[in-house]
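Heads up: the structure comes next, in structure tokens.
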Ligand SMILES: [Zn+2]
């Protein structure tokens, strides 16, 4: 009986630890008490690249800013570059932004791009990635263009320009 009790305690602890490393702790008490009401608000909309290598780092960055699972998220290859390069992506993004703003009342759009981005390499050539300051400048130029497009349509929004290194460190541009 005692052994069985210890087994359940151990299993419960392992389950807790496993859930603790997930990006959005879906089984957290906060998530359990949350309901899907239309009045739910999120101040931030995060836009990140598709890159699978940085999922944990993106989650850790958002948690580190105290946002945890309190933000909306869109994933676009190359973020600003993708929207600038493909008209259909831009159209889709802005119609989604309109809806997201109406649904959740977001106030800040975070553009989180990353170094060593395949999309930047695809469009500008391999020489752009891994070049330190030049790489950051290329990202900055694209993100500034995207920011202006957002502000033209939504002057009430704030836009953050962020660049993540491959080790997960984020600099504000
Ligand atoms: Zn990328």
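Nothing in this text is a laboratory measurement; each read-out follows from the coordinates by a stated rule. Here the structure is a predicted model, which means the values were calculated and not measured. Here Cβ is always computed from backbone atoms with ideal geometry, including for glycine, and neighbour counts include all displayed protein chains.
Couple of notes before you dig in:
- Spin-label model, residue 166/residue 124: points 7 Å from Cα along the beta carbon direction are separated by 1.6 nm.
- If both residues of a DSSP beta bridge must be in segment 40-172, then about 15% of such bridges are antiparallel.
- Percentage, to the nearest whole number, of Cα pairs in segment 40-172 over 18 Å apart: 51
- Applying 0.36 nm per residue to the separation of residue 153 and residue 40 and subtracting their alpha-carbon distance, the gain on full extension is 38.4 nm.
- Peptides 112-120, 157-165 ordered by average Cβ neighbours within 10 Å, highest first: 112-120, 157-165
- Chain lengthening between residue 74 and residue 50 when straightened (0.36 nm per residue, less Cα-Cα): 7.7 nm
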